[in-house]
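See below for the structure under consideration.
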Amino acid sequence: MSLSLRDIASLEQRALRAWPAIHTQPIAGWTCRASMGYTKRANSITALNPTDDFRNLRPAFEHFALDHDIPCTIRITPLAPPGTDRACDTAGYRLLDPTLVMTIPSLQDIPLSAVQDTIRHTSSPDKAWLDGYAASSGVDEKQREAHEAILACIQGEATFASIVSHSGARDQAAAMGYAVLDHGMIGLFDILVDEGQRGRGLGRSVVLALLDWGRRRGAQGAYLQVVEGNLAARRLYEGLGFVDMYRYHYRQAMQHASG
C-alpha cells in the first residue's frame, strides 16, 4: 500500500493541525513553526506546496528561526522539493530523528473486548494527564509551559485518554495519549507510559481506547508518527495493524545564535 503525494499532503496537514505550533508563518508554500523550542515537530519548517526550494529560501528560514530563538530545522518529507536533503547537507545541516508515519486503514477490526472501561477520557487535558505526562517525560517547567500551550492550540475534536494511578490525595496518569479527529481520520499523539509502569500493557490499552473513540465518532482510519529507532513502540503499533506509509527526517543547522 502506498500514498500519492496528494494523500501525503492531506495527512501532513492533519498532523500539523493535531500537533499545532504556537507561532506559524507561511513562506513560499512552506510552513514555518515555532513553539518555544519544545519538540522538533512544532519548531521546524515543512514543505506542503512549495513554490521555491531550500537554497533560495534558506535566509528567510534562518531569519524566522533567529526571530524565535530556535535552531533552524527543516523537516524533510516526500513533499520537499527534490534536492532538499542534499542542499541541507551541503549547508552543514545535520540529519536527525528518522521517523515513520504509520496508518491503520480500517478501525472496524479493533478488538472491542480489549478496550478497558477504566480509561479516563477528557476533551482537554486535565491535571492528572498533564502531571503524569510531565513526570513520565521528564520535561522542565519551560518545556511543560510550551507543551501545554501547544495542546491549548488544538482546534479539532480531541480526546485525552489516561490510566490514572492514585497516590495519596493526588491522582496522576501512569499512561496517557491523545487523539484528534480530522476529516475521517484520527491522529494519535503523546503516547507515553511511566517508566515504573511499563511492561504491563498500559500503552496498548491507551492506544486501543483512542482507536475505539475514533471509531465511535465515525473515523475510518488512524495515523501516528514514531521515531524509527523506537522498536518497542513500533512493535506495539504493528501488532494493532498499523503499517508504514512514508518517512521523514530533520535537518538542523549546526550553529544557533540567540537574538
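Throughout, read-outs are computed from the coordinates displayed, never taken from laboratory work. These figures come from a predicted structure and were not determined experimentally. Counting neighbours? That spans all protein chains shown, and the Cβs are built from the backbone with ideal geometry, glycine included.
Over the range 131-224, the pair-distance histogram of Cα-Cα distances with 5 Å bins from zero comes to 3, 14, 22, 21, 20, 13, 6, 1, 0 percent, rounded to whole numbers.
Between R247 and E141, the contour length at 0.36 nm per residue exceeds the Cα-Cα span by 35.0 nm. Dividing the summed helix terms, -39500 (n - 2.57) for each DSSP H run of n ≥ 4, by the number of residues in the chain produces a 222 nm estimate of -10000 deg cm²/dmol to the nearest 500.
Listing T103, T122 from fewest to most neighbouring C-beta atoms within 10 Å gives T122, T103.
As a proxy for reagent exposure, ranking K40, K127 by other Cβ atoms within 10 Å from fewest up yields K127, K40. All Cα-Cα distances of the chain, cut into 10 Å bins from zero to the largest, leave 7, 29, 35, 21, 7, 1 percent in each bin in turn. When each of R33, R41, R144 is scored by the number of other beta-carbon atoms lying within 10 Å, the sequence from fewest to most is R144, R41, R33. Among L202, L96, L231, the residue with the largest mean-square fluctuation in a Gaussian network model of the chain, with springs joining Cα atoms closer than 10 Å, is L231. Computed from the C-beta positions of H183 and L95 and an R0 of 30 Å, the FRET efficiency is 0.40 to the nearest 0.05.
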